[in-house]
Amino acid sequence: MNNKKVACVGSGVIGASWAICFALKDLDVVVYDINDEVLSKAKTIIHDNLNILKENNVLDETRLQEVENHIKLTTSMEEAVRGACFIQESAPEHYAVKHQVVKEIEKYCLDDAIIASSTSGLLISEIAKNAKHPERFVGGHPYNPPHLIPLVEITKGEKTEEKYVQQAKDFYTFVNKESVVLQKEALGFICNRLQMALYREVCHLVESGVCSVEDADKAVTFGPGIRWGIMGPSLIFHLGGGAAGVDGLMNHLHDSINLWLDDMADFKELPEDWPQKARSGVEEAMKNRSEEIGNNEESLKQYRDHMLIEFLKLHHKL
């Protein structure tokens with residue numbers, strides 16, 4: 001990249017994590033938010049996350065300082081986006097807020113800058129509907145935390161031009177991300193829909209008395225979850241089919257699969273009391289965990305990040 005300046009508009013958990021992702025590739029990152037108090041929290045998030053990388057032998061102290069020095073915080077939108085080749089917007093998930101942020105970004109950004117929204121489910125066509133250059137807007141939806149999890153979902157609006165989609169994909173590849181491109185807009189994109197389809201069945205199994213929240217989590221973690229962390233479900237089924245492949249497996253299990261599907265949840269709204277039941281189930285599960293594998297929010301986050309880092313090393317992503 002000839003232009004090494006990128007901007008992160010929004011400094012919450014996602015925006016701060018994006019800043020680390022970009023700075024790890026020695027890009028000069030300017031992080032914008034509305035006031036110094038918010039930016040102070042972002043600075044702490046960035047420092048703490050870099051320390052986790054150091055504790056897991058990804059960085060040493062010298063490299064940590066180098067990465068941190070690539071990140072600048074500002075309350076000036078002009079300072080953040082002026083001259084930036086790529087702008088990652090991570091403002092709150094409300095169209096009205098994003099419309100105002102887009103307006104401010106376009107006052108100062110380069111004419112050919114790509115603007116990518118971290119939105120986890122809003123439509124790019126709507127986010128960019130008042131933009132002067134909607135053709136340069138894409139969705140760049142990460143998975144939390146973005147500086148660790150490689151996936152980014154690239155989405156297009158009605159007026160997004162393909163050349164900017166490709167440029168966004170090239171940029172994300174440069175910062176060591178794995179991109180998937182949605183060929184048309186879909187609420188929730190790919191992964192959130194897949195996650196919620198699975199979680200609906202978790203809810204159904206628990207509500208039906210088949211298992212506890214804890215055992216549903218264990219079943220995913222130590223069953224298909226392990227395999228899915230290596231390759232996707234279609235490839236896994238392809239291996240499961242042996243010489244017959246994925247089509248052979250699907251044909252062999254056809255009648256059984258249809259019985260399962262007929263018995264599975266198909267409700268369109270979560271039961272009203274499910275959030276509290278899920279919380280109770282999580283709290284009960286944490287009582288049965290040791291601190292080493294996370295038995296409260298803080299130790300659970302540390303365990304998650306440690307395991308992610310070790311897994312990413314196996315994938316040669318760190």
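The values are calculated or read from the model by the stated rules, or taken from the named source; none is laboratory data. Worth saying up front: this structure is predicted, and the values here are computed from it rather than measured. Cβ sites come from the backbone with ideal geometry, for glycine too, and all protein chains shown count toward neighbours. Please note that ligands, DNA and RNA were not included when accessible areas were found on the heavy atoms of the full protein model with its side chains. Shrake-Rupley method; radii C 1.70, N 1.55, O 1.52, S 1.80 Å.
Some observations on this one:
- Cut-off 14 Å between beta-carbons: net charge of the residues surrounding ARG193, Lys and Arg +1, Asp and Glu -1: 0
- Positive-end residue of ALA80, ILE115, PRO146, charge dipole of the stretch 74-146 with Cβ unit charges: ILE115
- For the stretch 11-51, the relative contact order comes to 53 percent (Cα pairs under 8 Å, sequence separation of at least 6).
- Relative to the current alpha-carbon distance between TRP228 and HIS94, full extension at 0.36 nm per residue lengthens the span by 45.0 nm.
- Calculated FRET value between VAL246 and ALA186, using beta carbons and R₀ = 25 Å, to 0.05: 0.60
- Cβ-defined net charge surrounding VAL102, 12 Å radius [Lys, Arg +1; Asp, Glu -1]: +2
- Average accessible surface for the chain: 55 Å² per residue, computed with a 1.4 Å probe over protein heavy atoms with every protein chain in place.
- Farthest toward positive dipole pole in the stretch 173-285 [+1 Lys/Arg, -1 Asp/Glu at C-beta], among GLY223, GLY281, ILE236: ILE236
- Rounded percent of accessible protein surface that carbon and sulfur make up, the chain, 1.4 Å probe: 54
- FRET E, pair HIS315, LYS4, Förster distance 30 Å, beta-carbon r, rounded to 0.05: 0.70
- Percent antiparallel among DSSP beta bridges (both partners in the chain, rounded to 5): 15
- Dividing the mean sequence gap of close Cα pairs (under 8 Å, 6+ apart) by how many residues the stretch 1-151 holds gives a relative contact order of 26 percent.
- Prolate/oblate/rounded label for the stretch 84-232 (Cα gyration tensor, a/c 1.5): prolate
- Cβ-based charge dipole, the stretch 114-253, positive-most Cα from LEU253, ASN176, GLY188: ASN176
- Estimated FRET transfer efficiency when R0 is 45 angstrom, pair TRP260-ASN144 (beta carbons, to 0.05): 0.90
- Applying a threshold of 31 Å to the alpha-carbon distances of LYS43/LYS177; LYS129/LYS177; LYS184/LYS313; LYS43/LYS277; LYS25/LYS156; LYS41/LYS98 flags LYS184/LYS313; LYS43/LYS277 as lying beyond it.
- The charge dipole of the chain, taken about the Cα centre with unit charges on the Cβ atoms of Lys, Arg (+1) and Asp, Glu (-1), comes to about 840 debye, rounded to the nearest 20.
- Prolate/oblate/rounded call for the chain, Cα gyration tensor, a/c under 1.5 rounded: prolate
- Chain lengthening between MET307 and LEU253 when straightened (0.36 nm per residue, less Cα-Cα): 16.0 nm
- Calculated translational diffusion coefficient of the stretch 1-142 (4 °C, 1.567 mPa s; Stokes-Einstein with Kirkwood radius over alpha-carbon pairs) equals 85 µm²/s.
- Helix 13-23 axis, angle to the chain major axis (alpha carbon atoms, nearest 10°): 70
- Within a Gaussian network of the chain (alpha carbon springs, distance under 10 Å), most fluctuating of PRO275, PRO134, PRO150: PRO275
- Rounded if a/c under 1.5, otherwise prolate or oblate - the stretch 1-77, Cα gyration tensor axes: oblate
- Within the stretch 1-67: Cβ-based charge dipole about Cα centre, in debye rounded to nearest 20 (Lys, Arg +1; Asp, Glu -1): 220
- Percentage relative contact order, the chain, counting C-alpha pairs under 8 Å, at least six apart: 13
- Stretch gain in nm, segment GLU297-GLU207, where the contour uses 0.36 nm per residue and the Cα spacing is subtracted: 29.9 nm
- Neighbour-limited loop hits for GluC sites (Glu not before Pro), the stretch 226-305 (at most 15 other Cβ within 10 Å; DSSP other than H, G, I, E, B): GLU269, GLU272
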